[in-house]
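Trainee: Below are the structure tokens for one structure; questions will follow.
Every number here is computed from the coordinates shown, using simple stated rules; none is lab data. Just so it is clear, the structure is predicted and the values come from calculations on it, not from any experiment. With ideal geometry, Cβ positions are generated from the backbone for all residues, glycine too; neighbour counts draw on all protein chains shown.
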Ligand SMILES: Cc1cc2nc3c(=O)[nH]c(=O)nc-3n(C[C@H](O)[C@H](O)[C@H](O)COP(=O)(O)OP(=O)(O)OC[C@H]3O[C@@H](n4cnc5c(N)ncnc54)[C@H](O)[C@@H]3O)c2cc1C
């Protein structure tokens, strides 16, 4: 008889796991209170980030920290209440960002990132979603030569150690690729490997359709409870029905931590919230690539719905109300970078990157329960890493060897 698996959470991570399990013959139910891909996996910048071999460390130099304090930066904002609630994970994040600890983390993180294109490719094909994908990389823009030089050094290291491909664009070369970008930009790094997605939510939805086409079931219902029965079976209560399974996967993104507490797991989860807004472009202006204004800290993405501006991180509680100031500051800078037109959305979209203090996700079995599997904490790159996570977790669930060492992603490291 096929193993019955229930995957909780239909973001990029949960949908990818469900797809892989269905490919391996599991009888899979994918549960989400919304349609697939409507939360964090909907509103992101849509880059499948093959270049992101170095996860985002917490700033440690005094100049940056002092710059963050007045709370006016575009790339990072904080709310004191949110900082206090997440004080312990943030302290551990800061410690893990110290040079020695960080240098240990980079190759572990890179081992996962290196799988991203090869694992998205078969899902894109199965979903017939090629129309959503562009394979032209993205541009990281710099306003000062010193910051560009520093980043070029990292890019060269990434190339030598992890096979990252890039091209340095001086002002003239950049102007050919992006004629409407401001002269304040002195140069750019063109990351050549990444793929960009013109509607991230639609890609997740198309992966979910491919999952259904291969026999999987999507249940749109609020999860109310997860419990282990005496006979090693699992029971999931939802608003609409109660289901039994041999395996349950927790892929609830920013909500995962709170669902694991009643099961006796206290993971140091926290979130980095982010916003987006779509814009028209003025008159004949055209943005050809996804561009990141690296020194200011936001991104412009020419998507189907318009030019999507995504913000950097806001440290606050997951469910705290939206604050408009960070997006407003990013918009002001973006209007100086590129001739944006009017806003296209009534209100900004708000989401939350699901984070863990060592910048790596948890992927693997729950230490205290047979049949409980975990996949969350993908931070800045969950859209990139969903399919790799799906492949790896499905291999682990089937007792098969994995293509990379999973030790760095084990749950019991916390
Ligand atoms: C502004 C911004 C830009 C980003 N840009 C990028 C990028 O360019 N590239 C990249 O790789 N990553 C990017 N990210 C990060 C990426 O979006 C996330 O890491 C990723 O979407 C997380 O996916 P997930 O499946 O873990 O979570 P989600 O997509 O949030 O999925 C979790 C699901 O759980 C469901 N859920 C929660 N509670 C319940 C319940 N009680 N019952 C039923 N269902 C429930 C939710 O409805 C949701 O669908 C960005 C994030 C932000 C905020």
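Trainee: Take region 1-53, compute every pairwise Cα distance, and split them into 5 Å bins from 0; I just need the percent in each bin.
Mentor: 4, 20, 23, 18, 16, 12, 5, 1, 0
Trainee: Sticking to Cα atoms, compute the Rg of region 181-249 to one decimal and its Dmax as the biggest Cα-Cα distance, whole number, in Å.
Mentor: My reading of the Cα-based Rg and Dmax gives 21.3, 67 Å.
Trainee: Kindly list the residues of region 48-79 that lie in the label zone of residue 332, defined by a backbone N under 12 Å from the point 7 Å along the Cα-to-C-beta vector.
Mentor: Residues passing the 12 Å test: 72-74.
Trainee: For a quick size check, give me the Cα extents of region 159-278 along its three principal axes, largest first, whole Å.
Mentor: Principal extents (Cα only, largest first): 68, 36, 34 Å.
Trainee: Another one. How much length, in nm to one decimal, is gained on full extension between residue 368 and residue 154, taken as 0.36 nm per residue of separation minus their Cα-Cα distance?
Mentor: Full extension of this stretch gives 73.1 nm more.
Trainee: Sticking with this one: What does the C-alpha gyration tensor say about the overall shape of region 286-414? Classify as rounded when a/c is under 1.5, otherwise prolate if a/b is larger than b/c, or oblate.
Mentor: Since a/c reaches 1.5 and a/b is larger than b/c, the shape of region 286-414 is classed as prolate.
Trainee: If you take the square roots of the eigenvalues of the alpha-carbon gyration tensor of region 350-414 and sort them as a ≥ b ≥ c, do you get rounded (a/c under 1.5), prolate (a/b over b/c) or oblate?
Mentor: Prolate.
Trainee: If you split all Cα-Cα distances of region 95-137 into 5 Å bins from zero, what percentages do you get per bin, shortest first?
Mentor: Result returned by the calculation: 5, 18, 17, 16, 12, 11, 10, 8, 3.
Trainee: Quick one: helix 12-23 against the long Cα principal axis of the chain, what's the angle to the nearest 10°, folded into 0 to 90?
Mentor: Around 50 degrees separate the two axes.
Trainee: Multiply the residue separation of residue 343 and residue 263 by 0.36 nm, subtract the distance between their alpha-carbon atoms, and state the gained length in nm to one decimal.
Mentor: Here the segment from residue 343 to residue 263 would lengthen by 24.4 nm.
Trainee: Based on the Cα atoms of region 205-359, what semi-axes does the equivalent ellipsoid have, where each is the square root of 5 times one gyration tensor eigenvalue, given in whole Å with the largest first?
Mentor: With the √(5λ) rule applied to region 205-359, the semi-axes are 39, 20, 13 Å.
Trainee: So what's Rg/Rh here for region 67-152, counting alpha carbon atoms and using the Kirkwood radius for Rh?
Mentor: Radius of gyration relative to Kirkwood radius: 1.08.
Trainee: Between residue 402 and residue 235, what FRET efficiency comes out of the Förster formula 1/(1 + (r/R0)^6) with R0 = 22 Å and r the beta carbon distance, rounded to 0.05?
Mentor: Step by step, r from the Cβ atoms, then E = 0.20.
Trainee: Using a 10 angstrom cutoff on alpha carbons, build the Gaussian network for the chain and name the most mobile of 15, 271, 324.
Mentor: Maximum among the listed residues: 324.
Trainee: May I pose another question? Have a look at 31, 197, 164 and tell me which one the Gaussian network model of the chain (Cα, springs below 10 Å) gives the largest fluctuation.
Mentor: 164
Trainee: I've got another one for you. Between residue 283 and residue 184, what's the calculated FRET efficiency when r is the beta-carbon distance and R0 is 35 Å? Round to 0.05.
Mentor: Efficiency, rounded to the nearest 0.05: 0.95.
Trainee: Pull up the DSSP beta bridges for the chain and report the antiparallel fraction as a percent, rounded to 5.
Mentor: 70 percent
Trainee: Could you put 291, 204 in order, starting from the residue whose Cβ has the fewest other Cβ atoms within 10 Å?
Mentor: If I rank by nearby Cβ atoms, fewest first, I get 291, 204.
Trainee: State the Cα centre-to-centre distance between region 123-143 and region 63-113 in whole Å.
Mentor: 28 Å
Trainee: Please work out how much length the chain gains when fully extended from residue 83 to residue 167, using 0.36 nm per residue of separation minus the C-alpha to C-alpha distance, in nm with one decimal.
Mentor: Fully extending the segment from residue 83 to residue 167 adds 26.4 nm.
Trainee: What per residue convex hull volume, in Å³, do the alpha-carbon atoms of region 49-201 yield?
Mentor: 164 Å³
Trainee: Let me ask you something else. Label 7 Å along Cα→Cβ of residue 63; region 132-155 residues with amide nitrogen under 20 Å?
Mentor: 141-155
Trainee: Mind checking the alpha-carbon convex hull of region 7-125 and giving the volume per residue in Å³?
Mentor: Considering the Cα atoms of region 7-125, their hull volume per residue is 164 Å³.
Trainee: Show that you can apply the helix-only estimate: for the chain, add -39,500 (n - 2.57) for every DSSP H stretch of four or more residues, divide by all residues, and state [θ] at 222 nm to the nearest 500.
Mentor: Mean residue ellipticity at 222 nm (helix-derived): -10000 deg cm²/dmol.
Trainee: Once you compute Rg and the Kirkwood Rh from C-alpha atoms, what is the Rg to Rh ratio for the chain?
Mentor: 0.96
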